[in-house]
1. Which of the helices in the chain meet the span-like rule: DSSP H, Cα axial reach of 27 Å or more, Kyte-Doolittle mean at least 0.0?
2. Would you grab the residues whose amide H sits under 5 Å from the one on VAL75? Only those 5+ places off in sequence or on another chain, please, with H modelled 1.01 Å from N.
3. Let me check against my output: what whole-number percent is the relative contact order of the chain, with C-alpha pairs under 8 Å and at least 6 apart?
4. Could you work out how far apart the two model spin labels at THR58 and ARG238 are, taking each label as a point 7 Å from the Cα in the direction of the beta carbon, and quote it in nm?
5. When N is the residue count of the chain, what does its C-alpha Rg come to as a fraction of 2.2 N^0.38 Å?
6. I'd like to compare 194-206, 146-158, 79-91: which one has the highest average count of other Cβ atoms within 10 Å, and what's the full order after that?
7. For LYS47, go through the lysines and keep the ones whose alpha-carbon is under 20 Å away, minus same-chain ones fewer than eight residues off.
8. Under the rule a/c < 1.5 gives rounded, and otherwise a/b versus b/c splits prolate from oblate, where does the stretch 156-311 land using the Cα gyration tensor?
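Quick note: the coordinates plus some simple rules give every number you see, no bench work behind them. Values in this document were obtained by computation on a predicted structure and should not be read as measured data. Positions of Cβ are generated from backbone atoms using ideal geometry, with glycine treated the same way; all protein chains shown enter the neighbour counts.
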Amino acid sequence: MASLLNPQHILSTAQFDRAKIQDLFLRAEEFSQRDWRETCPTSFNCKVMATLFYEPSTRTRFSFEAAMLKLRGQVISMESAGQFSSAIKGETLEDTIRVTSGYADVIVLRHPQNGAARLAASVAKVPVINAGDGSGEHPTQALLDLFTIQKELDAIDGLEIAFVGDLRYGRTVHSLLELMSRLNHPRVHLIAPPELSLPQNYVGMLKERNVAYSISTDLSSAISKVDVLYITRVQKERFVSAEEYEKVRSVYTIDAHVLAGLKPRSIIMHPLPRVTEIDREVDSDPRAAYFREAQNGLYVRMALLETLLGS
Ligand code: NCD
């Protein structure tokens, strides 16, 4: 695959045009179908990926690390970096990135501050991948989400999608909306309580791009129409007070009753982790796509790493 980005940082979904997305998905599809040893003639055994995570993670860090290992690259890893890196001694993010740039060929960064990945990229000598910056963006999650939609529904255009839950702080929602709003004729339903409504800059983006959208607090308002029901966890860690969080913590739950109202060919997605948003009884329904979605993260991240490190 040709070089994806110039400069090769992955900071936002806005960097991915349709051609790049299609190239990436073709390769991810190959990784998902064949044994990785056969599909990866290039060995990255001299390449090192650093994962630098200042916030908790299961899927993102493990799937990035597994992706690099399956490409036969090497991994150095720092979790709880706020506590266990020199940040605790007062080192700035920029200095940590400058130094890590000398040890690794690519840096995967998760940080609680919006814009942290952009700041890191401004001083890095190697590609920086934004693995979530506060309530900003999570571009690689959006790519694997869109890949999942294509794989499950055999289409990415003309779809009707409901975003449900924490649209205010949910960075995966922000990134996926950015991607979807550039496709052909998406119809979007934004379902959230007022406290968790989508930030105005994203509503403005939908208007500018002439995307048909509705805003509601009522989950049942759109359920019978959607192809994709994308629900998120209420992002507890972003709230300034516990009381504010308590007010909205279990605001929507997908259960058998909601399932009954969904179209037979629709899918339920969730970036995970789920807390109370999806009843366990939903897991066995074929429309529950969230664990397949998490699995796709491996293939999409393999394709991304191959693109960044292979050229
Ligand atoms: C999401 C995140 O970190 O933004 N998780 C993930 O990467 N799959 C969603 C969340 O934490 O709720």
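1. Taking the DSSP H segments of the chain (at least 27 Å long, mean hydropathy at least 0.0), we get 290-310.
2. MET49
3. Relative contact order, the chain: 20 percent.
4. With each label point 7 Å from Cα toward Cβ, the separation is 2.1 nm.
5. Cα-based Rg divided by the globular estimate yields 0.98.
6. 146-158, 194-206, 79-91
7. LYS70, LYS125
8. Rounded, because the longest to shortest axis ratio a/c is under 1.5.
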